[in-house]
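Notes follow the structure.
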Amino acid sequence: MPVIKGRALHYVFKVADRKETARFYRDVLGMKVLRHEEFLEGCDAQCNGDYDSRWSKTMMGYGPEDTHFVVELTYNYGVKHYEKGNDFMGITIRSSDVLKRAKEHNWPIEKNNTLMAPGGYPFHIIDEPQKTDRDPLEKVTLSSSNLLKSLNYWNSLLGLTIFNRSDNKAELGFNENEAKLELQQINEPVNRAGAYGRIAFSCPHDEQPAISKIMEEHKHPIPTPLITLDTPGKASVRVIILADPDGHEICFVDDEGFRQLSQVDPNGDKELNKFIRLDKS
């Protein structure tokens, strides 16, 4: 089994209504804008999906990316809808405050304290006080057509630890004190459709080639081989994009470059508001 010094980073969503999405994450979930970035062309690693036009990226969370698992909201100008599949099953947040804010802002609270983000992405809220000493975002749940096959990939090949497991679910991660990846068996093919997302981890720059070699040896797909991505005015990072047996995309970014890129921008909130206001697409 490989020994990868991984760190959980974020989950990537495609959003079609940037204004309403920002309202949900800020006013209802209570997350902060950590940074906002605009791009004139599509990403070479398809961070924004299979689109080769203007797009933006907004990172939001409960604290800095160095210490918190966050969400990456990618917005493709002019795209008004993404077909949702059965691949993403939800994000779990432990915070009574979220439910209070949902009521204050008249955001529907569905069965089992589930909130639906714009685009149909479920957030499962645990009605307990939000702790100040740990990230309230606890896990991302993705579907699996065959849990044993999924665990062989994530645990045996990538080296994520299995922290909890039942007949049809398993929670994995690199570190005990970080948000977990939960895989849930659905006993049917996984359909990622057009709204498919991506989960991201970091690892040391020198470990990325080893990850590539493991996938090549076991004949697993590498949608984007090692490539360096640039962000205007910020640090460049090297990434490799993998795909598990169900097609879930996994980004491994070099930790050294990413810690520079992901520093909180105090003007992030204003930048997001400005581009929402200027958007005529």
By how many nm would the segment from residue 273 to residue 212 grow when fully extended, if each residue of separation counts as 0.36 nm and the alpha-carbon distance is taken off?
18.1 nm
So what's the net charge close to residue 237: Lys and Arg +1, Asp and Glu -1, counting the other residues with Cβ under 15 Å from its Cβ?
-4
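Stokes-Einstein at 37 °C, 0.692 mPa s, Kirkwood radius from Cα pairs: D for the chain in µm² s⁻¹? Don't skip to the answer; put the middle values down first.
Working: Rh = 19.1 Å.
The diffusion coefficient I find is 172 µm²/s.
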For residue 97 and residue 166 in the same chain, what is the full-extension length gain: residue separation times 0.36 nm, less their Cα-Cα distance, in nm?
21.9 nm
Restricting to aspartates and glutamates and to Cα separations under 20 Å from residue 100, and discarding same-chain partners fewer than 8 apart, the set is 20, 27, 110, 127, 128, 135, 138
Arrange the peptides 144-150, 102-108, 253-259, 38-44 so that the one whose residues have, on average, the most other Cβ atoms within 10 Å appears first.
253-259, 144-150, 38-44, 102-108
Residue span residue 16 to residue 104: 0.36 nm per residue of separation minus Cα-Cα distance leaves a gain in nm of 29.2 nm
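Let me have the relative contact order for segment 36-83, percent, based on Cα pairs under 8 Å that are six or more residues apart.
33 percent.
Before anything else, pin down the relative contact order of the chain: Cα pairs under 8 Å, at least 6 apart, normalised by residue count, whole percent. Please report the intermediate quantities before stating the final value.
Details: 632 pairs, mean separation 62.9, N = 281.
The normalised contact order for the chain reaches 22 percent.
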Sorted by number, the cysteines in the chain with no other cysteine beta-carbon under 4.7 Å are 203, 251
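Could you give the size of the charge dipole of the chain about its Cα centre, using +1 on the Cβ of each K and R and -1 on the Cβ of each D and E, expressed in debye and rounded to the nearest 20? Mind showing how you got there, number by number?
Values: 36 positive and 43 negative charges, 147 e Å.
Rounded to the nearest 20 debye, it is 700 debye.
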Cα→Cβ-extended label distance, 7 Å offset, between residue 134 and residue 54, nm
4.4 nm
Label model pair residue 228, residue 27: point-to-point distance (7 angstrom along the Cα→beta-carbon line) in nm is 4.3 nm
For segment 222-230, 3J(HN,Hα) per residue [Karplus equation, 6.51 cos²θ - 1.76 cosθ + 1.60, θ = phi - 60°, Hz, x = Gly/Pro]:
10, x, 9, x, 3, 8, 9, 10, 10
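Rule-based calculations on the coordinates, nothing more; no lab input. Every value quoted in this text rests on a predicted model; they were computed, and no experiment measured them. A quick note on method: Cβ atoms are made from the backbone with ideal geometry, for glycine too, and the neighbour counts reach across all protein chains shown.
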